[in-house]
Amino acid sequence: MNSEELFRRLIGLEKPSIIKEIKFDHQEERVDIFIDFPRLSKF
């Protein structure tokens, strides 16, 4: 399992949403997850 799949499961993210980027900041003890979805997606 890669980090994208791990975070997808941890936060309960379902399709069509996708994780665009994951940033780790060890100094600030922070994880930023950028979420997007394909154009014309239906929820």
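Here are a few things to note about the model shown:
- Extending 7 Å from the Cα toward the beta-carbon at both residue 23 and residue 10 defines two label points whose distance is 1.7 nm.
- This structure gives semi-axes √(5λ) of the Cα gyration tensor in Å, computed directly, and of (i) 16, 11, 10; (ii) 19, 13, 7; (iii) 22, 12, 8 that value is listed as (iii).
No lab work stands behind these numbers, since they all come straight from the coordinates. Keep in mind the model is a prediction, meaning the values are calculated, not measured. Neighbour counts are summed over all protein chains in view; Cβ atoms, including those assigned to glycine, are modelled from backbone coordinates with ideal geometry.
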